[in-house]
Amino acid sequence: MRNSVETSSDQYQQLYEQFRWQVPEDFNIAEVCCSRWASDPQRVAIYYDDENGGDQILTYAQLQRDANRLSHVLRGLGVTRGSRVAIVLPQRPEVAVCHMACHQLGAVAMPMSVLFGPDALQYRLQDSAALVAIIDAAGLANLAPVRNDCAELAHIITVDSNSAGTIAWNDALAGAGPQFTPVGTRASDAAVLIYTSGTTGAPKGALIPQSALIGNLSGFVASQNWFPQSGDVFWSPADWAWTGGLMDALLPSLYFGQPIVASSARFSAESAFRLMEKYQVTNSFLFPTALKIMMKAEAAPRDKYRLKLRAIMSAGEAVGDAVFEWTRQALGVTVNEMFGQTEVNYIVGNSAEKWPAKPGSMGRPYPGHRVAVIDDSGEVVAANVTGEVALHRYDRHGHPDPVFFLRYWNNPQSSENKFSGDWCRTGDLATMDADGYLWYQGRADDMFKAAGYRIGPSEIENCLVKHPSVANAAVVPKPDKERGNLVKAFVVLTSDTVRNTAADALLITELQQHVRGMLAPYEYPKEIEFIEQLPMTTTGKVQRRVLRLLEEERAQG
């Protein structure tokens with residue numbers, strides 16, 4: 001499959017060559033994502049599926065009204081242009097209200113995951129010097145132990161709590177006016193501060209401009225098979241606190257005036273299929289881990305659920321051909337892989353209706369983005385040679401690419417190190433074939449050598465997941481005096497797998513032979529350890545670094 005592309009329906013070159021960015025000098029996310037749609041009182045912005053049964057519908061008119069009131073509240077608390085406002089909420093309508101209110105003020109919205117504990121909250125609040133935090137009861141419990149250590153945090157607004165020392169959301173909005181005159185912002189003004197997931201090292205705050213939303217749109221439209229179309233409804237379990245949920249789901253859906261489904265329920269295959277059926281979801285972003293869970297739970301979901309899916313984008317990890325084939329056969333949708341990161345999002349991917357997808361490939365550079373694979377010195381490498389994926393500051397026509405982050409917050413050295421000349425380094429390794437498709441090789445810091453061979457974990461993990469007993473897997477190096485490293489696999493088994501000492505031993509041998517029969521002999525895991533769950537970032541990525549450090553500690557006794 002890697003060497004063949006059907007060219008009869010391949011519109012890629014035409015789309016890529018004809019594309020031009022149109023970035024106005026003045027631009028504001030709140031205006032394009034809410035204000036311009038608010039005149040239609042019936043247009044739905046958010047369907048909120050409350051796990052407690054309290055479903056609600058928020059129209060664009062209601063979103064605008066609440067955003068206006070919150071803008072008044074925030075201004076009264078001292079929030080001005082450039083102030084950081086922390087948003088620590090799960091998927092719920094108030095998240096959209098917070099973002100629109102911040103952008104109307106020219107303030108910087110700083111979304112944070114509800115999964116963050118006290119240390120994670122403290123680090124980000126201190127580093128950003130956030131003035132206000134908007135939070136729910138669960139988040140407040142995590143913030144309480146470190147609140148006094150966040151000197152700049154002057155106010156806390158609680159959405160579902162009336163705790164002492166905080167401002168109640170409902171009371172504050174009830175006392176504010178429904179009309180608000182927004183400040184003017186330029187496309188280059190800061191809009192969002194998102195801290196990277198920290199798979200390696202301390203999280204860095206990426207400062208995102210208003211224009212980055214425009215930079216995301218070509219990839220979003222393409223990966224969602226030319227969104228929007230009549231009747232489109234979007235849903236993704238991706239947390240709206242990270243780039244994948246905010247820039248790949250919430251804001252683009254609102255930009256096009258379409259409804260998005262919100263749900264704070266814990267993800268499961270059953271809840272995913274239920275939501276997609278209930279709201280007749282047409283478009284989705286489902287990260288590979290979610291698709292693997294759904295694949296293992298339902299071999300033929302359309303026999304059980306009435307689904308209307310027409311497009312799925314997936315990102316965060318390599319999808320792999322097992323999941324790719326399942327989505328095509330079981331869901332009737334060719335999954336469009338996408339690659340990007342907080343700093344430069346939505347830059348590479350597929351669009352199955354416009355150009356052929358190669359199973360296992362990250363796809364091609366989306367229109368408007370000049371992407372290459374470069375070496376350590378910043379030079380573009382030849383086809384099929386492994387290097388680092390990089391994005392150029394200017395598109396193929398010499399125009400600035402609007403997708404770029406502005407800088408890392410309080411970290412000029414990391415901001416400088418991110419670039420080699422005009423190339424922005426992603427830290428991800430790949431090859432690019434003669435057709436312009438990229439093939440993911442792993443994070444630069446996830447690659448390792450074993451017995452002299454260079455090992456990339458994703459291919460081995462994909463192979464393991466194809467086994468019916470494997471729900472998920474992570475591959476890391478295990479230190480070895482003779483070979484330098486051994487290939488070690490941590491494997492999460494499916495719930496119906498029989499477990500006992502004898503069965504485990506047989507299964508380990510079976511899995512090793514399974515990999516040996518499909519990949520190179522040096523790639524099979526010399527050691528396999530069964531584990532209840534893999535360490536994950538809040539963005540759904542496997543933290544191989546945690547497992548690598550575990551093996552290093554074990555080797556040191």
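Of all the listed residues (Pro535, Pro479), the sole one being surrounded by 12 or more Cβ atoms within 10 Å (Cβ to Cβ) and under 30 Å from Pro90 (Cα atoms) is Pro535. Of the residues contained in segment 430-439, none is found to be surrounded by 15 or more Cβ atoms within 10 Å (Cβ to Cβ) and closer than 18 Å to Arg545 by Cβ.
Take the residues in segment 510-532 that are among the acidic types (Asp, Glu) and not in a loop (DSSP other than H, G, I, E, B), then tell me which one is most open to solvent (accessible area, probe 1.4 Å). Spell out how you get there, then give the answer.
Of segment 510-532, the ones among the acidic types (Asp, Glu) are 510, 523, 527, 529, 532.
Filter once more, keeping what is not in a loop (DSSP other than H, G, I, E, B): 510, 523, 527, 529.
On the way: Glu510: 98, Glu523: 20, Glu527: 61, Glu529: 50 Å².
The selected residue is Glu510.
Residues to consider are Ser39, Ser35; find the one that is of a type outside the set (D, E, K, R) and either open to solvent by 80 Å² or more (accessible area, probe 1.4 Å) or within 30 Å of Lys354 (Cβ to Cβ) (or both). Residue meeting the stated conditions: Ser39. Within segment 27-58, if we keep just the residues that are among the β-branched types (Val, Ile, Thr) and in contact with a Pro (Cβ under 8 Å, 6 or more places away or on another chain), the residue that is nearest to Leu250 (Cα to Cα) turns out to be Ile46.
Only one of Gly244, Gly257 is closer than 17 Å to Val319 by Cβ and not aromatic (Phe, Trp, Tyr); which? Full working, then the answer.
On the way: Gly257 fails: closer than 17 Å to Val319 by Cβ.
Only one candidate passes the filter, namely Gly244.
For segment 54-90, which residues satisfy the criterion of being over 21 Å from Ala38 (Cα atoms), at pLDDT below 95 and touching a strand residue (DSSP E or B) at 6+ places or on another chain (Cβ under 7 Å)? Asp55, the sole residue that qualifies.
Is it the case that segment 114-123 has a residue that's farther than 16 Å from Ile260 by Cβ, open to solvent by 40 Å² or more (accessible area, probe 1.4 Å) and hydroxyl-bearing (Ser, Thr, Tyr)? So far as segment 114-123 goes, yes, one or more of its residues are farther than 16 Å from Ile260 by Cβ, open to solvent by 40 Å² or more (accessible area, probe 1.4 Å) and hydroxyl-bearing (Ser, Thr, Tyr). Applying a threshold of 6 Å to beta carbon distances and a minimum spacing of six or more residues, or different chains, the list of pairs starting in segment 515-528 at a residue that is at negative phi and at pLDDT 85 or above and ending at one that is of a type in the set (D, E, K, R) and in a helix (DSSP H, G or I) reads Tyr524/Arg516.
Filtering segment 124-137 to residues that are in a helix (DSSP H, G or I), of a type in the set (Gly, Ala, Ser) and either within 23 Å of the chain's Cα centre (by Cα) or surrounded by 24 or more Cβ atoms within 10 Å (Cβ to Cβ) (or both) leaves only Ser128. Taking the conditions exactly as written (in contact with a Gly (Cβ under 7 Å, 6 or more places away or on another chain) and closer than 30 Å to Gly165 by Cβ), does Arg81 satisfy them or not? Yes; evaluated as a whole, the condition is true for this residue. Can you find even one residue in segment 81-98 that is open to solvent by less than 40 Å² (accessible area, probe 1.4 Å) and touching a His at 6+ places or on another chain (Cβ under 7 Å)? Among the residues of segment 81-98, not one is open to solvent by less than 40 Å² (accessible area, probe 1.4 Å) and touching a His at 6+ places or on another chain (Cβ under 7 Å), which makes the answer no.
The values are calculated or read from the model by the stated rules, or taken from the named source; none is laboratory data. Note that the structure is predicted; figures quoted are calculated from it, not measured. Here Cβ is always computed from backbone atoms with ideal geometry, including for glycine, and neighbour counts include all displayed protein chains. Note: accessible area is taken over every heavy atom of the protein model, side chains too, but ligands, DNA and RNA are not part of it. Shrake-Rupley method; radii C 1.70, N 1.55, O 1.52, S 1.80 Å.
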